[in-house]
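Trainee: A single structure is presented below for examination.
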Amino acid sequence: MLDSLYRHIRRFGIKGIRVFFYIGLNYTKKIFLPNIIHPITLRNGTSDIRTFNQVFLHNDYNIPLSFAPKAIVDAGANIGLSTVFFKNKYPAAKIIAIEPENSNIELLKKNTINYENIYLLKKALSNVSNQDMNVNDSGNGHWGFVTVSTKNSENGVFKNSVKTITINDIMKENELEFIDILKIDIEGAEKELFESNIENWLPKIRCLIIELHDRTKPGSSKSFFKAISKYDFSFSSKGENLVFINKNIKLQTIE
């Protein structure tokens, strides 16, 4: 307990004491954080707390960049904590947040409603557009919902259904030449995402942040690394995330 309190103080300063006790006492409807303009809401006793720790306590998305991002896609936005982090760090950026599950996207709306230039998509990211997917409760908490094709949905506890959307669709609909940050945490759906139709968008990603889920869907890492190896990206890691910076476009000036 004291170690956790110390981590909160080290990360948030003296205000970390309040954050620590608010979360510990399950007072999570309105948590104020230093350098975050608007309060955030978490659900007690859920994976929201672990997500909060990853994003804000451990600072997993605080990636040093040599440019100021203008276009960010947050795929697998969950309840919006990563979206909120990016918006506060890069206030001028347009952020497109993608989340397929109903209960998550309701809290995503609540956590982002006071920010401008954030657009929410209730979709499932994939390599093919407009396909029907069921959202499956895998039993891993609110951060572990898995999308499954309706054609293959014989078993499982299904929360809701959504349509798929591709990165190409997002870039075309938003008139994006590049995506400055593409964050992907989609619980194994990265396997299909990187299997095909990558040629028009993957070279146009400046910074790619991804968490791979072979434990959920075997072959996810193989699919991803086969795709990324075709292009010139540098590699590092931060927490559970792999970070790739495009060497060919990272030095271009963003006005």
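The values are calculated or read from the model by the stated rules, or taken from the named source; none is laboratory data. Here the structure is a predicted model, which is why all the values come from computation and not from measurement. Virtual Cβ from ideal backbone geometry, glycine too; neighbours counted across all protein chains shown.
Trainee: Which one of ILE63, ILE79 is buried (at least 22 other Cβ atoms within 10 Å of the Cβ), among the β-branched types (Val, Ile, Thr) and assigned to a loop (DSSP other than H, G, I, E, B)? Talk me through it step by step, then tell me what you get.
Mentor: Working: ILE63 fails: buried (at least 22 other Cβ atoms within 10 Å of the Cβ).
ILE79 is the lone residue from the list that is buried (at least 22 other Cβ atoms within 10 Å of the Cβ), among the β-branched types (Val, Ile, Thr) and assigned to a loop (DSSP other than H, G, I, E, B).
Trainee: Looking at the range 2-54, which of the residues that are free of Cβ contacts under 8 Å to residues at least 12 places away in the same chain and assigned to a loop (DSSP other than H, G, I, E, B) is nearest to PRO91 (Cα to Cα)?
Mentor: Checking each candidate, the answer is PRO39.
Trainee: Would the range 245-253 turn up any residue that is in contact with a strand residue (DSSP E or B) (Cβ under 7 Å, 6 or more places away or on another chain), among the hydroxyl-bearing types (Ser, Thr, Tyr) and more than 23 Å from ASP169 (Cα to Cα)?
Mentor: Residues of the range 245-253 that are in contact with a strand residue (DSSP E or B) (Cβ under 7 Å, 6 or more places away or on another chain), as a first pass: 245-247, 249-250.
Next, only the ones that are among the hydroxyl-bearing types (Ser, Thr, Tyr) stay: none.
No; the residues of the range 245-253 include none that is in contact with a strand residue (DSSP E or B) (Cβ under 7 Å, 6 or more places away or on another chain), among the hydroxyl-bearing types (Ser, Thr, Tyr) and more than 23 Å from ASP169 (Cα to Cα).
Trainee: Quick test for you: out of TYR119, TYR115, pick the one residue that is assigned to a strand (DSSP E or B) and either over 20 Å from ILE63 (Cβ atoms) or at pLDDT 90 or above (or both).
Mentor: So the residue among TYR119, TYR115 that is assigned to a strand (DSSP E or B) and either over 20 Å from ILE63 (Cβ atoms) or at pLDDT 90 or above (or both) is TYR119.
Trainee: Considering only residues that are in contact (Cβ under 8 Å) with a residue 60 or more places away in the chain, touching a strand residue (DSSP E or B) at 6+ places or on another chain (Cβ under 8 Å), of a type in the set (A, V, I, L, M, F, W, C) and closer than 24 Å to ASP132 by Cα, which ones fall in the range 186-239?
Mentor: Scanning the range 186-239 gives ILE186, ALA189, LEU193.
Trainee: Taking the range 18-32 only, how many residues are among the polar types (S, T, N, Q) and in contact with a helix residue (DSSP H, G or I) (Cβ under 8 Å, 6 or more places away or on another chain)?
Mentor: Qualifying residue count for the region: 1.
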